[in-house]
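The values are calculated or read from the model by the stated rules, or taken from the named source; none is laboratory data. Remember, it's a predicted structure, so these values are computed and weren't measured experimentally. Counting neighbours? That spans all protein chains shown, and the Cβs are built from the backbone with ideal geometry, glycine included.
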Amino acid sequence: MDISRFNGSLVALVTPFKQDELDEKALASLVRYHLDNGTHGLVPVGTTGESSTLSKQEHERVIDIVVQEVAGQIPVIAGAGSNNVTEAIQYAEHAANVGADAVLQVMGYYNRPNQEGIYQHFKRLHETTRLPIIVYNVPPRTIIDIQPETLSRIAEFDTVVGVKDATADLSRPIREKLLINKPFSFLSGEDPTAVAYNANGGQGCISVTANVAPALCAQMQSACADQEFNSALDIQRRLMPLHQALFSEPSPAGVKFAASLLKLCLPACRLPLVELTNETKHEIERTMGLLDLI
């Protein structure tokens, strides 16, 4: 399996809403925007896609639209995670049926399993999932942390081909590479530390900021892949004020407002996320202007 397809600038795609309904037209336009701006892959219905607020029908419809619009041009890693393993299997099966390239599987929010429970969850997914699996480790949202030793056990499954690491622990790719003895995609899930993560052995980022700065994020990731870390760091320094502004209030409210400034979608999120303060709106607009995005 060529896991290099799951490297680079992978966009944690927002889910557009209009009057609290899925905005299918805006979603299709978003996909075309990323195809035109150098994005290396799309990750719909993850955290940034507000998967926790979508119905099963909406979740599956988002995947349908993204896969159809991409038409094989770049990889689609479909969000399929759930704290209910049966639901996670169903989402993965749908993703396989409609032509996604891989699935992103988050672990254990609300349930708070121990490390053996984490392993058994992924064992069940391995036994029932046809697509490659990217493990999503995001302790700030799930409470639990998939420890490197547990990830190495999970990585023994043939279907498990990578990790999205949102721990902000920059030692993780080094420690995990010492334990995982097969080709494996190490992907950052934290925009502000993405270059540092790559310098420690990573191969890309599933990025929030890339929703609105796709070309810059793709250039930064390509520079990392070419071992041109000084160039990558120059881009990261330029992007850092935008990273900070987008995450100053609960995400994805910030990035959806930024996308609205680009006329890509409306800024609306679903409750319990609420409208940004005027101060944050002004800061996002200011930092986008400094990058000539608007």
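Kindly provide the set of residues from the range 64-87 that are of a type in the set (A, V, I, L, M) and either crowded, with 24+ Cβ neighbours inside 10 Å or free of Cβ contacts under 8 Å to residues at least 12 places away in the same chain (or both), ordered by number. Before you say what the answer is, go through the steps one by one.
From the range 64-87, those of a type in the set (A, V, I, L, M) are 65-67, 70-71, 74, 76-78, 80, 85; that's our starting set.
Across the range 64-87, the qualifying residues are 66, 71, 76, 77, 78, 80.
Any idea which residue in the range 99-111 is modelled with the lowest pLDDT, counting only those that are of a type outside the set (Phe, Trp, Tyr) and closer than 17 Å to residue 166 by Cα?
We begin by selecting, within the range 99-111, every residue of a type outside the set (Phe, Trp, Tyr); these are 99-108, 111.
Subset that is closer than 17 Å to residue 166 by Cα: 103-108.
Working: 103: 98, 104: 98, 105: 98, 106: 95, 107: 83, 108: 73.
So the residue we want is 108.
Within the bounds of the range 38-49, is there any residue that is of a type in the set (Gly, Ala, Ser), more than 16 Å from residue 218 (Cβ to Cβ) and either crowded, with 23+ Cβ neighbours inside 10 Å or at pLDDT 95 or above (or both)?
yes
In this structure, is residue 187 in a strand (DSSP E or B) and closer than 21 Å to residue 159 by Cβ?
yes
Under 8 Å by Cβ, and 6 or more places apart or on different chains, what pairs join a residue from the range 48-59 that is closer than 23 Å to residue 190 by Cβ and assigned to a helix (DSSP H, G or I) with one that is charged (D, E, K, R) and at pLDDT 95 or above?
From the range 48-59, the pairs are 53/270.
Please specify each residue of the range 103-138 satisfying the condition of being closer than 16 Å to residue 93 by Cβ and aliphatic (A, V, I, L, M).
103, 104, 125, 131, 133
Specify the residue that is farthest from residue 183 (Cα to Cα); the eligible residues are those in the range 1-32 that are surrounded by fewer than 17 Cβ atoms within 10 Å (Cβ to Cβ) and among the aliphatic types (A, V, I, L, M).
Among residues in the range 1-32 that are surrounded by fewer than 17 Cβ atoms within 10 Å (Cβ to Cβ) and among the aliphatic types (A, V, I, L, M), the one farthest from residue 183 (Cα to Cα) is 28.
Take residue 206 and tell me if it is within 26 Å of residue 143 (Cβ to Cβ), out of contact with any helix residue (DSSP H, G or I) (no Cβ under 9 Å at 6 or more places or on another chain), surrounded by fewer than 24 Cβ atoms within 10 Å (Cβ to Cβ) and touching a residue at least 24 places away in the same chain (Cβ under 8 Å).
no
Within the range 238-282, can you find the residues that are charged (D, E, K, R), touching a residue at least 40 places away in the same chain (Cβ under 8 Å) and either assigned to a helix (DSSP H, G or I) or over 23 Å from residue 22 (Cβ atoms) (or both)?
Across the range 238-282, the qualifying residues are 238, 256.
What about residue 93, is it without any contact (Cβ under 8 Å) to a residue 12 or more places away in the chain and either touching a Gly at 6+ places or on another chain (Cβ under 7 Å) or assigned to a helix (DSSP H, G or I) (or both)?
On the way: without any contact (Cβ under 8 Å) to a residue 12 or more places away in the chain: no; either touching a Gly at 6+ places or on another chain (Cβ under 7 Å) or assigned to a helix (DSSP H, G or I) (or both): yes.
The answer is no for residue 93.
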